[in-house]
Amino acid sequence: MLVIGRREVEALLPVGVCIEIMDATLRSLAGGTSAQPLRSVMTTLDGLGQLALMPAQLAESKTLGFKAVAVFPGNRRVGLDGHQGVVVLFDSGTGEVDAVIDASSLTAIRTAAVTAVATRTLSDTGSTALVVLGAGTQAKWSIRAIAQVRQLTRVSIWSRTSTSSQSLANDLREELNHDGIVAVSDPAKAVADADIVVTATTSRTPIFQRDWIRGPLLVNAVGACVPSSRELDARTIRDARLVVDSRESALAESGDLLLAALDGELPHEMELFELGDILNGAVPRRDANRTLTVFESLGLGAEDVAAAGHVFEAALASGIGTRVSF
């Protein structure tokens, strides 16, 4: 069994490579050649965190595995990632454990890569202005990933803690050699001039308002992945073309959608389009009647297992990782 840690995952899974892996994975899920059940989630007894189990099998690569992830939003206060866990890969023929891989870094990279796939697919090719609401790990990786698929001239970062957004802007401005990455104090003003928005927070109440939108816009909603959390107000959901990574997951887990429905802003039957169907050509990429598109990213076990499969093969090829015998 191979154990692969955080730094090794980041070295073996470049975000540009992961974008193409996620594109292929979403196509495979929509085409019915991969399988995953709805994830099971347990809230801790003190209510401070959740534990989720996300199994999947990918037919083409014969990759079998699951992610076990503990989500503790309060971790940022003590300098830890809010997502802690592992991805476990099994031999698809014998069930032997092949690898245990750090899930924190892998989740951040694959989530950002899916956001980049959605941005490449759903936004105009001339989109250059990005606004990111949030300044944590996921915000950082989202900017890195979207910069791979769009020629960004301006990146505006907002968070409730101004020091966090300023710190992230400073770090990425140097890392990406991009003077257009700035921290902003007024999210409404930034969104009014944006082409693409990413919401990547742990907020339980809307941080994004429909009134801020002034033109065509793609909103990638990443943070609200449980029924009790939401980042977008109900009118944003009401007026948008809604694209999801998984229809089943969205209807069971997306607080943005479920709470908007409870507000009475949505029809009884929500029209949801899966990104994989759009990639496969079964659904048009654009809707001429709607200039606002929302991509609800819940995160899928198949995405984790696909990314982990690449990391495992790359580790074997390069001799990276620690061998452990049961």
So, first residue on the phi < 0 side of the Ramachandran plot in region 174-198, second residue modelled with pLDDT under 95 and in a helix (DSSP H, G or I), Cβ within less than 7 Å, six or more apart or across chains; the pairs are ALA183/SER162; SER185/SER162
### Task
Would you mind stating whether THR201 is within 28 Å of ALA70 (Cβ to Cβ) and within 17 Å of the chain's Cα centre (by Cα)?
yes
Given the conditions (1) at pLDDT 95 or above; (2) in contact with a strand residue (DSSP E or B) (Cβ under 8 Å, 6 or more places away or on another chain); (3) of a type in the set (Gly, Ala, Ser), every one holds for ALA145 apart from (2)
Going through (1) of a type outside the set (Lys, Arg); (2) over 22 Å from ALA108 (Cα atoms); (3) in contact with a strand residue (DSSP E or B) (Cβ under 9 Å, 6 or more places away or on another chain) one by one, THR205 fails only at (3)
The number of residues in region 195-207 that are under 20 Å from ASP124 (Cβ atoms) and either surrounded by 24 or more Cβ atoms within 10 Å (Cβ to Cβ) or not assigned by TED's automatic domain parsing to the domain that holds SER156 (or both) is 4
Of all strands (runs of 3 or more DSSP E) fully inside region 1-76, the set with 1 or more residues that are surrounded by 20 or more Cβ atoms within 10 Å (Cβ to Cβ) is 2-4, 50-58, 63-71
Given the conditions (1) assigned by TED's automatic domain parsing to the domain that holds CYS18; (2) assigned to a strand (DSSP E or B), every one holds for THR293 apart from (1)
### Task
Could you tell me whether ALA306 is touching an Asp or Glu at 6+ places or on another chain (Cβ under 8 Å), surrounded by 20 or more Cβ atoms within 10 Å (Cβ to Cβ) and among the hydrophobic types (A, V, I, L, M, F, W, C)?
no
Picked from region 80-108 (must be surrounded by fewer than 23 Cβ atoms within 10 Å (Cβ to Cβ) and among the β-branched types (Val, Ile, Thr)), the residue nearest to the chain's Cα centre (by Cα) is VAL86
Going through (1) surrounded by fewer than 24 Cβ atoms within 10 Å (Cβ to Cβ); (2) modelled with pLDDT of 95 or more; (3) of a type outside the set (S, T, N, Q) one by one, LEU275 fails only at (1)
Condition set farther than 26 Å from GLY299 by Cβ and in contact with a Lys or Arg (Cβ under 8 Å, 6 or more places away or on another chain), scope region 135-184, selection surrounded by the most Cβ atoms within 10 Å (Cβ to Cβ): answer is VAL182
The lone condition ALA261 fails out of (1) outside any helix (DSSP H, G or I); (2) farther than 24 Å from LEU152 by Cβ; (3) hydrophobic (A, V, I, L, M, F, W, C) is (1)
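The values are calculated or read from the model by the stated rules, or taken from the named source; none is laboratory data. All figures in this text were calculated on a predicted structure; none of them were measured in a lab. FYI the Cβ positions are ideal-geometry reconstructions off the backbone, even for glycines, and counts take in every protein chain you see.
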